[in-house]
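Right, one structure below, let's go through it.
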Amino acid sequence: MTESAEEQLGGIRVTKTFAIEDSARARFGTTVDAIKSKQLRLVRLSSLFQALLPLLGAISLVVSLLVGGIMTMQNSITLGSFVALTLYLRIIMGPLQQIGNVINTVQRSGASLERVNDLLSEVADVRELPEATALQTVQDITMENLTFSYPGSSSPALKNIQLNIRAGRTVGIVGKTGSGKSTLVKLLLRTYEPPEGTIRINGTDIRQLSLESLRSRIAYVPQDGFLFSTTIRDNIAFSDREVSLDTVEHSARQAMIYDNIVRFPDRFDTLLGERGLTLSGGQRQRTSLARGLIKQAQLLILDDSMSAVDAVTESGILRSLREIGKGKTTLIISHRISAVRHADDIIVLDEGRVAEQGTHAQLMVAKGLYAATYRLQEEGLHHV
Ligand SMILES: Nc1ncnc2c1ncn2[C@@H]1O[C@H](COP(=O)(O)OP(=O)(O)O)[C@@H](O)[C@H]1O
Ligand SMILES: [Mg+2]
């Protein structure tokens, strides 16, 4: 019931805008009814036992009085034994009832314990090797024969990927939604474990590396950057709470969110979330981008991190990236070509495969998928 209530309350805006309160209420009612009937059965059973136990006690007392009385009169047992028997019987009833209660409690707790144990015994899919080494610097990244399917999925999300990302370069990855762009990054970050020997950094299989060293050397801006219910400043300074306000402001400028923030009443101390301000999709995305940019890492990965910002803001961010990206390896992932056209190397993904690769000029000459997509997206812009 708690689970269901939580979900209904979380989605209350969607429910209201679709005007389906009645059916949502009915669905919640079904859950509550199911619990109610189970609880009623429990109460019925336990009251039956609670009534039955004293009844049994009373019956046994009557029986012992009758049988013991007759036996005493026939002198089979002494009067003393008879009195003792009836007294013992009364004494034993209380503990018997308690045993019943204990069994009840043990069974209920057993069910809860099982759920807790299920959770505690869950093992992580990605595990560090005991002899894992620390990644010192991120240089060349190579992917070889990388084929990957999500657990439980029948068709691979990535098929036979061969890639070489040279240190210090800016590499763009474009492709339709669902072409496998995010999957590639998830494997590089080992959110999912890549097959052995398929992804190497400086020639070392990333499965040999400690997770902490790998992830701390990568600044990753996810597609749907989650913001915490705290101040904007703490959200941006997430990787290091000690950084100065100046640094936070600098990152906010680079992510083109500074002008928005300074217009909020509490500026960088503005609270976000439940009891604070709600940011728009584009503002959320740029705040999350500032959080990634502030992290001093050798590899910067932006996974569709500009999908909710307009073209002008996007080009501003790209300008910042060229500044930040000096001496760093930068991976810009996007479904929009405008975000990657100036990259040193562009990889076009299609249905989990590398369809094309090259610079913008080379890919335009090739007149393949990239060029066709470019034309479509440019036309779209001109119609706006
Ligand atoms: N957690 C997951 N479990 C199963 N399949 C997934 C999961 N995440 C993504 N996929 C599938 O993998 C494919 C590639 O997805 P993704 O890498 O997110 O694409 P992109 O980032 O290019 O839009 C899609 O077909 C998607 O449905
Ligand atoms: Mg994606």
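With respect to Ala84, is the statement that it is small (Gly, Ala, Ser), without any contact (Cβ under 8 Å) to a residue 60 or more places away in the chain, within 30 Å of Gly273 (Cβ to Cβ) and in a helix (DSSP H, G or I) true? The answer is no for Ala84. Annotation: of all residues in region 344-374 being β-branched (Val, Ile, Thr) and outside any strand (DSSP E or B), the one that is most open to solvent (accessible area, probe 1.4 Å) is Val365.
Of all the criteria given as (1) more than 30 Å from Gln107 (Cβ to Cβ); (2) open to solvent by 70 Å² or more (accessible area, probe 1.4 Å); (3) not hydroxyl-bearing (Ser, Thr, Tyr), the one not satisfied by Ala26 is (2). Within region 192-208, residues that are within 19 Å of Ser149 (Cβ to Cβ) and in contact (Cβ under 8 Å) with a residue 24 or more places away in the chain reach partners that are open to solvent by less than 40 Å² (accessible area, probe 1.4 Å) and of a type in the set (Asp, Glu) with beta carbons closer than 6 Å, at six or more positions or on different chains, in the pairs Gly197/Asp205.
Yes or no, residue by residue, for (1) open to solvent by less than 70 Å² (accessible area, probe 1.4 Å); (2) in a helix (DSSP H, G or I); (3) out of contact with any Gly (no Cβ under 7 Å at 6 or more places or on another chain); (4) closer than 22 Å to Leu369 by Cα:
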residue: Asn117; (1), (2), (3), (4): no, yes, yes, no
residue: Val123; (1), (2), (3), (4): no, no, yes, no
residue: Pro130; (1), (2), (3), (4): no, no, yes, no
residue: Thr137; (1), (2), (3), (4): yes, no, yes, no
residue: Ser154; (1), (2), (3), (4): no, no, yes, no
residue: Lys159; (1), (2), (3), (4): yes, no, no, yes
residue: Ala167; (1), (2), (3), (4): yes, no, yes, no
residue: Arg190; (1), (2), (3), (4): yes, no, yes, no
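Criterion applied to Val32, Val63 was being within 30 Å of Glu274 (Cα to Cα), free of Cβ contacts under 8 Å to residues at least 60 places away in the same chain and either loosely packed, with under 12 Cβ neighbours inside 10 Å or β-branched (Val, Ile, Thr) (or both), and the one residue passing it is Val32. Considering (1) in contact (Cβ under 8 Å) with a residue 40 or more places away in the chain; (2) within 16 Å of ligand 1 (Cβ to nearest atom); (3) closer than 30 Å to His360 by Cβ, the lone condition that Ala167 does not fulfil carries the number (2). Among the polar types (S, T, N, Q) and in contact with a helix residue (DSSP H, G or I) (Cβ under 7 Å, 6 or more places away or on another chain): is that true of Gln107 in this structure? Considered against the rule, which asks whether it is among the polar types (S, T, N, Q) and in contact with a helix residue (DSSP H, G or I) (Cβ under 7 Å, 6 or more places away or on another chain), Gln107 comes out as no. Here is the figure for region 271-326: residues that are part of a helix (DSSP H, G or I), under 23 Å from the mean Cα position of the chain (by Cα) and of a type in the set (S, T, N, Q) total 4. Among residues of region 222-269 being among the hydrophobic types (A, V, I, L, M, F, W, C) and not in a loop (DSSP other than H, G, I, E, B), the one that is farthest from the chain's Cα centre (by Cα) is Leu245.
The values are calculated or read from the model by the stated rules, or taken from the named source; none is laboratory data. Model, not experiment: these values are computed from the prediction. So basically every Cβ, Gly included, is an ideal-geometry build from the backbone, and we count neighbours across all protein chains shown. Accessible surface areas use protein heavy atoms only, side chains included; no ligands, DNA or RNA. Shrake-Rupley method; radii C 1.70, N 1.55, O 1.52, S 1.80 Å.
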